[in-house]
Structure formats: C-alpha cells, structure tokens
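Encoded as structure tokens, the structure appears first; notes follow it.
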Ligand code: AMP
Ligand code: MG
C-alpha cells in the first residue's frame, strides 16, 4: 500500500489501476472513497471484499457532472434543478437505471435504481475525468467502522487491502453525502448528509424523510440504512451533559463539562460545519482502550446537525444488526 500526493503522474498510475479493475482510495469533500470501475463487476466485487461489506448494500456511482450522469440514469427535471444548485457537491440522487446503463448490477445490489453523485473535490474530479469511467466509491474503511476523513485513516482501516491512496489532506465536509430518492412524486431523504434538508427544500420545495416510512420500507429502499454503522469500538452515550471518570467526552460548544479521561471538542464556537468536518477524526481519537465509554454532548438538530446526529445515533446503536459500511 502506498500513500501518494495527487500529481499528474500519480493520477496516471491510479487510472492504470482502475482500468484493470483495481482499487484506488481517493479524497472527496465528504469522506475518502474506495474507488473502482462501476461498470466492471469484478472491480465492484473487489470493493465489497476489501470493505467486508454485505453485498446487498448498493454503491454510489461517481461522475464528473450532470451531462455524464445521463448515460447511467434516467434524468429528471428535479435532478436537473438540484444538480444545477448542488453539483459538484455532497448530494447523491437515486434515479431509475437508464436503459442499457453500463453500471454493474452488483453495484446497485440488483435494484432497478442507481445512486449517483458528482463530487466537488478537485482530486476526485481529476481522477474520474482522467479515468473516463464512473467510479463506485463507498467510504474507504472496513464495513461498519468510522468513515475516513484523512489518508492515514484509510491506511489504518484497509491496510494492504488497498494498493494506492491519493492523499488530498483532510476532507472539508467530513460527513457522507445526502442521499435523496428522486424516483417518486415527492423526493425522499434516505440519508441526511453534507447537503442540508433546508438547502434542498429551498430549491425543490418540501421533501419527505425516510424515517417517516415504516422501518422495513426504509431498509428496503436504501439497504445501507441499518442501525449500527459508523461505529467506534467503545460504547457511545448520547445527550451527555455530565461525564463520569471513565468516559471520554465528545464535546460541542463553549462549555464542556470537566472530568473526562480525554476531551475532543467538535466545535468550541458551536459551528455545525466545523463539527461535521471534525466528527469522524474526533471519534477515532477518543476510541482508545483506556476509555470506558464515549459520552457525546447534544448537537442541535438543524442544518448539518441532522447528518451529525444521524451518524452519532448509529455510532451509539448496539442492536446486534450486521454493520454496514
Ligand atoms: P456509502 O457508499 O457508504 O456512502 O453508502 C451509500 C448509501 O447509498 C447507502 O446508504 C445505500 O443504501 C444508498 N444507496 C446506494 N444505492 C442506492 C439505491 N439504488 N437506492 C437507494 N439507496 C441507495
Ligand atoms: Mg460508509
């Protein structure tokens, strides 16, 4: 495994690997992705294997922009308006598979829909354009673990399961993309993420939350949405306003309680964008053997707070469900 700076020559190396069905970890503005050719079944199998991810969990296809997306999905008026407002950026659309779409069936876990996004990170853009391929790219970590927001996290989690990591520094957004189902009359938010509900509704009007669907329906329409996910190895306690002596504190805001084994503050000023960018790195930093439990202070449930609280809730869920990645 090599961690390399993204240069014209390392991107060429990466493209050579991708064209042969190999895997490359690369930075996006959300988290690091483990990329493979989304049209190559073997490359997609290799992604599932490297992550240890159950195969019913479909992957997002990454493309340079809206013009490219239309080869793979049946585009719509809502997609057009949202892409104009958010792409490239942290918003994924679920749309019907286009006729003769070359996206591997395994990448969509047999669904007749495709999840697709244009990432904003310049290294992701350069890589996808140079490869001339849509890249399937789930987060570059073992299934169920905390998502990587730095190249070192990828190396720690995947080790020799990935041969090349392009190091683009820390991810600016820090939580995964928002996944929006555009296949029905009303768009449905399947996963809160880097694009906020408020910003989306400002463009296309009211959207529905998948949490409003019966649990089974939500799991079927977006199979990645199982409870336990993004999980550190230590237990997690939410809504903490005090800490005990064996706990590490994931703080938010200017007045964290004293007395924790160690403390990391998501944002001392209470800024949700800063908190999202720090979330996974801080969770990793607190996930240490000497810590009995990770206590997490309340985070407001607006804007990026929806995505942050979603990941925190999954980190705390210990429901015995198979961890997805
Ligand atoms: P990740 O690759 O870890 O960012 O996760 C991708 C997310 O997108 C998971 O929650 C998947 O369940 C969801 N997803 C991917 N493809 C589809 C699809 N065709 N329909 C619904 N959800 C999808
Ligand atoms: Mg993931």
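Taken together, the values in this text are just the output of simple stated rules run on the coordinates, not laboratory data. All values reported here derive from a predicted model rather than from experimental measurement. Note: ideal-geometry Cβ built from the backbone for every residue, glycine included; neighbour counts use all protein chains shown.
Subtracting the Cα-Cα distance from 0.36 nm times the residue separation, let me have the gained length for residue 20 to residue 85 in nm, one decimal.
Length gained between residue 20 and residue 85: 19.9 nm.
Relative to the longest principal axis of the C-alpha atoms of the chain, give the angle of the C-alpha long axis of helix 272-286, reported between 0 and 90° and rounded to the nearest 10°.
For helix 272-286, the angle is close to 70 degrees.
Compute the acute angle (0 to 90°) between the alpha-carbon long axis of helix 41-51 and the principal axis of greatest extent of the alpha-carbon atoms of the chain; round to the nearest 10°.
Taking the Cα atoms of the chain, the angle to 41-51 is about 10 degrees.
Out of 298, 289, 268, any idea which swings most in a Gaussian network model of the chain, alpha carbons joined below 10 Å?
Judging by the Gaussian network model, the answer is 289.
Among 98-107, 173-182, what's the highest-first ranking by average C-beta atoms within 10 angstrom per residue?
Most protected by this proxy first, the peptides run 173-182, 98-107.
Ranking 297, 283 by Cβ neighbours within 10 Å, fewest first, what do you get?
297, 283
Given a Förster distance of 45 angstrom, what is the FRET efficiency for residue 271 paired with residue 163, based on the Cβ-Cβ distance and rounded to 0.05?
In this case the efficiency is close to 0.75.
In deg cm²/dmol, rounded to 500, what helix-only [θ] at 222 nm does the chain give when every DSSP H run of at least 4 residues adds -39500 (n - 2.57) and the total is split over its residues?
The helix-only estimate for the chain comes to -8500 deg cm²/dmol at 222 nm.
Rounded, prolate or oblate: which one fits the stretch 1-65, using the alpha carbon gyration tensor with axes a ≥ b ≥ c (rounded when a/c is under 1.5, else prolate when a/b beats b/c, else oblate)?
Prolate is the answer for the stretch 1-65, as a/c is 1.5 or above and a/b outweighs b/c.
For residue 242 and residue 3, compute 0.36 nm times the residue count separating them, minus their Cα-Cα distance, and round to one decimal in nm.
Result: 82.0 nm gained on full extension.
How do 302, 241 rank when sorted from fewest to most other Cβ atoms within 10 Å of their own Cβ?
Least to most surrounded, the residues fall as 241, 302.
According to a simple spin-label model (label point 7 Å from Cα along Cα-to-Cβ), what is the distance in nm between residue 302 and residue 74?
3.9 nm
Compute the acute angle (0 to 90°) between the alpha-carbon long axis of helix 122-131 and the principal axis of greatest extent of the alpha-carbon atoms of the chain; round to the nearest 10°.
With both axes taken from Cα atoms, the answer is about 30 degrees.
Could you identify which residue out of 205, 110, 270 has the top mean-square fluctuation in a GNM of the chain using Cα springs shorter than 10 Å?
205
Run the quick spin-label model on residue 258 and residue 99: label points 7 Å from Cα toward the beta carbon, then report their separation in nm to one decimal.
Placing both labels 7 Å beyond Cα along the Cβ direction yields 7.1 nm.
Antiparallel versus total DSSP beta bridges in the chain: what percent is that, nearest 5?
Close to 40 percent.
For the chain, set up a Gaussian network in which alpha carbons nearer than 10 Å are linked by springs, and say which option among 185, 14, 136 fluctuates the most.
Comparing 185, 14, 136 in a Gaussian network model of the chain, the most mobile one is 185.
For the stretch 246-263 and the stretch 2-75, what is the separation of their C-alpha centers, rounded to whole Å?
38 Å
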